[in-house]
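Beneath this line is the structure, given in structure tokens, with notes to follow.
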Amino acid sequence: MLKLNQEQNAFALLPKIVWEKSGWRVITNRAALSGGGVGENATLPDTIKPSFLELSTKPKIVAHSFNASEMETFLGTKDDGLGDVMKVMREEMGKHHAEMINKMLLGDVTTVAGNNVESIDRVCSSLSEEAFLTAGDSDIYGIDRSDATYSWADAYVSHNSDTDRTFTIDMLDTAVTQVRTNGGNPKVIVTGYDTIERIQQALQAQQRFMGRELVVPTYGGVKGIPGAEAGFNVATYQGIPVIPSKDVVKDTISRIYILDTDYLAFKVALPTMYFESGMSKKDPFGINYLGDEGLFRTMGELICTRFNAQGKIRDLK
């Protein structure tokens, strides 16, 4: 049997939160930039408050169906030794379903989501990146990224106007520092296998090395739990786990995302569920042929509640 890389690391690492409301509020401006001192016996200052804006979006439905004829089911236990065809298909299609969500989450900023789940690349965008994209490509949750009044929705984006440049460790250091300066606390770095190798090569030239950390994928994301038997070792940079995925957008080499998952999550309206109908359920009329049909369905969306706590490095070679 052909074995494929069906890794879905981006989907696994994102915290999963319950869809309670379709809207959320973001602070777009501070209450004041300075001041607050009051003189002795002076009257109270005028009241102030930060500016709030409500964003909203609907959940997306992701569905994948498959089938097996009654003949395939019968021969699976005879000629080819596959066994229970629907069981095998359930296992493979369950992986495929998660992998396709992973691909959506790691789509290019230029690929408008439509009916698909939004992408990390689109969340991690800014006015300066929008300047060399097709107008509207990076707009998200009703935010017009070409409008400077939405500058509060800018993630940190290190780019070279869509012209690839040689990766340096300084780029990564600057991005991590900038996200922290903005008030974020990076929980994970996501990039491709090729870029991880490039980071390691750059560090070795400086006689520096990436650390290692034991992490465990849970429903709430990838978290380090020392000593947990179910964990696996990943590289770390400045103590931040570096998670690879084959689906990260490539320029010459893969882009890099510096993410604070306190403000970035997959919001679940309806969790992944499996449905089946057909001969095995004694209902061939439901699918109108002699066989079985299965369906995986997930309803949710990628939600970011603080953009400047996220970062991206693109245009790399």
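Quick notes on this structure:
- Of all residues in segment 110-122, one or more are open to solvent by 60 Å² or more (accessible area, probe 1.4 Å) and aliphatic (A, V, I, L, M).
- Contacts under 9 angstrom Cβ, first residue in segment 35-63 being in contact (Cβ under 8 Å) with a residue 40 or more places away in the chain and of a type in the set (A, V, I, L, M), partner in a loop (DSSP other than H, G, I, E, B) and loosely packed, with under 11 Cβ neighbours inside 10 Å, 6 or more apart: 61/115; 62/115
- Criterion applied to 151, 146, 128, 158 was being surrounded by 20 or more Cβ atoms within 10 Å (Cβ to Cβ) and among the hydroxyl-bearing types (Ser, Thr, Tyr), and the one residue passing it is 158.
- Pick from segment 271-287, criterion in contact (Cβ under 8 Å) with a residue 40 or more places away in the chain, open to solvent by less than 60 Å² (accessible area, probe 1.4 Å) and not acidic (Asp, Glu), ranking: nearest to residue 91 (Cα to Cα): 278
- Strands (runs of 3 or more DSSP E) lying entirely in segment 234-317 (those with 2 or more residues that are of a type in the set (A, V, I, L, M)): 240-244, 256-259, 264-278, 291-304
- Some residue of segment 53-63 being open to solvent by less than 40 Å² (accessible area, probe 1.4 Å), assigned to a strand (DSSP E or B) and not hydrophobic (A, V, I, L, M, F, W, C): yes
- Taken together, 212, 145, 208 contain a single residue that is assigned to a strand (DSSP E or B) and modelled with pLDDT under 95, which is 212.
- Per-region count, segment 161-213, residues aliphatic (A, V, I, L, M) and loosely packed, with under 13 Cβ neighbours inside 10 Å: 1
- Any hit, segment 4-21, residues being among the aromatic types (Phe, Trp, Tyr) and not in a strand (DSSP E or B): yes
- Taking the numbered list (1) part of a strand (DSSP E or B); (2) small (Gly, Ala, Ser); (3) within 30 Å of residue 306 (Cα to Cα) in turn, residue 37 passes all entries but (1).
The values are calculated or read from the model by the stated rules, or taken from the named source; none is laboratory data. The shown structure was predicted, so the numbers you read here are calculated from the model rather than taken from an experiment. Neighbour counts run over all protein chains shown; Cβ positions are idealised from the backbone, glycine included. For the accessible areas, the whole protein counts, side chains as well, though only heavy atoms, and no ligand, DNA or RNA atoms are used. Shrake-Rupley method; radii C 1.70, N 1.55, O 1.52, S 1.80 Å.
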